[in-house]
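J.: First the structure, which I've put down as structure tokens, then a few questions once you've had a look.
The values are calculated or read from the model by the stated rules, or taken from the named source; none is laboratory data. Quantities reported herein were computed from a predicted structural model and do not represent experimental measurements. Positions of Cβ are generated from backbone atoms using ideal geometry, with glycine treated the same way; all protein chains shown enter the neighbour counts.
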Amino acid sequence: MNTILRIDASPRVHGAYTRELADYFEQNWLQTNPVDCFVVRDLAKDTIPHLTEDTIIGFNTNPDFHNQKMKQETALSDHLINELIAADILLLSSPMYNFNVPSSLKAYIDHVVRLGRTFALNRDNEPQGLVDDKQAYIITACGLDPEKKTNDLHNYFYIYLQNILRFIGIKSIHLISLEGTKATPSTASKDRYDAHSLINMHIEDYHKRHPANLKVG
Ligand SMILES: Cc1cc2nc3c(=O)[nH]c(=O)nc-3n(C[C@H](O)[C@H](O)[C@H](O)COP(=O)(O)O)c2cc1C
């Protein structure tokens with residue numbers, strides 16, 4: 001049985017393309033493998049606060065010497081990190097905002113990318129990821145027309161997410177992208193169909209390589 005950590009970052013709880021695609025992913029995944037379990041972290045419903053000075057003091061203090069306040073200040077970060085480490089697979093759905101991730105997701109990342117917990121520095125002061133590699137599926141949507149190539153120049157979104165996940169050790173990253181959500185409905189529905197096909201392909205591919213839990217019959 002796999003645990004899949006699903007993180008939804010769109011502030012739009014209704015009508016969000018990224019959430020719709022993540023729902024499609026979850027439903028189709030469970031059809032293929034009903035014993036798997038999705039743990040959902042909804043960043044719109046459970047807002048992650050920005051880091052504070054006290055939290056950073058806690059991060060910078062050896063946990064063996066944490067006083068009660070430091071324990072409290074780092075408890076959320078500990079919980080989010082444990083949740084991420086416990087997951088076998090990561091499904092991250094997020095819109096592109098201003099060529100990057102929305103601030104809700106950035107706040108989550110700030111709590112999870114933590115020295116001594118998810119990355120370490122070796123003797124040469126080089127960072128080493130401490131999280132075991134896992135399949136990470138990133139679902140994104142953006143408004144601009146892909147034909148216009150505007151996003152190509154400024155799209156830090158995927159580059160950033162790839163770098164930050166690799167930094168903590170997650171290297172098997174796949175992108176499912178729906179572009180031009182502000183385009184005409186027919187274009188949007190064709191692109192949606194393409195995104196669904198890509199999701200089906202990823203699910204099939206995963207289960208071909210990990211047949212142990214497949215539904216029988
Ligand atoms: C604050 C904000 C910033 C945005 N920035 C971009 C952007 O940089 N590039 C882009 O193509 N679309 C941008 N969009 C459009 C969204 O990416 C698009 O509407 C997407 O479908 C939102 O995802 P959702 O439907 O899952 O909420 C932006 C939308 C908002 C509200």
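J.: Taking the condition crowded, with 17+ Cβ neighbours inside 10 Å, outside any helix (DSSP H, G or I) and modelled with pLDDT of 95 or more, does Ala136 pass?
T.: yes
J.: For the range 40-52, check the following and say yes or no: at least one residue is in a helix (DSSP H, G or I), of a type in the set (A, V, I, L, M, F, W, C), modelled with pLDDT of 95 or more and within 16 Å of the ligand (Cβ to nearest atom). Spell out how you get there, then give the answer.
T.: If we filter the range 40-52 for residues that are in a helix (DSSP H, G or I), which is where we start, we get none.
Within the range 40-52 (the criterion being in a helix (DSSP H, G or I), of a type in the set (A, V, I, L, M, F, W, C), modelled with pLDDT of 95 or more and within 16 Å of the ligand (Cβ to nearest atom)), the answer is no, since none of the residues qualifies.
J.: Only residues in the range 65-89 that are touching a residue at least 12 places away in the same chain (Cβ under 8 Å) count as the first member; pair them with residues that are part of a helix (DSSP H, G or I) and of a type in the set (A, V, I, L, M), Cβ under 8 angstrom, at least 6 apart or cross-chain, and list the lot.
T.: From residues that are touching a residue at least 12 places away in the same chain (Cβ under 8 Å), the pairs are Met70/Ile57; Glu73/Ile57; Ser77/Val112; Leu80/Val112; Ile81/Val112; Leu84/Val112.
J.: State which residue is farthest from the ligand (Cβ to nearest atom) when the search covers only the range 77-100 and only residues that are over 14 Å from Gly143 (Cβ atoms) and assigned to a loop (DSSP other than H, G, I, E, B).
T.: Asp88
J.: Being outside any helix (DSSP H, G or I) and near the ligand (Cβ under 8 Å from one of its atoms) is the filter; apply it to the range 10-27 and report the residue that is modelled with the lowest pLDDT.
T.: Gly15
J.: OK, next. Restricting the search to the range 1-48, which residues are of a type in the set (Gly, Ala, Ser) and buried (at least 17 other Cβ atoms within 10 Å of the Cβ)?
T.: The first filter runs over the range 1-48 and keeps only residues of a type in the set (Gly, Ala, Ser), leaving 9-10, 15-16, 22, 44.
Answer for the range 1-48, where residues must be of a type in the set (Gly, Ala, Ser) and buried (at least 17 other Cβ atoms within 10 Å of the Cβ): Ala9, Ser10, Ala16, Ala22.
J.: Quick one: which residue in Leu161, Leu153 is closer than 19 Å to Leu84 by Cα and either at pLDDT 90 or above or assigned to a helix (DSSP H, G or I) (or both)?
T.: Values: Leu153 fails: closer than 19 Å to Leu84 by Cα.
Checking each option against the conditions leaves just Leu161.
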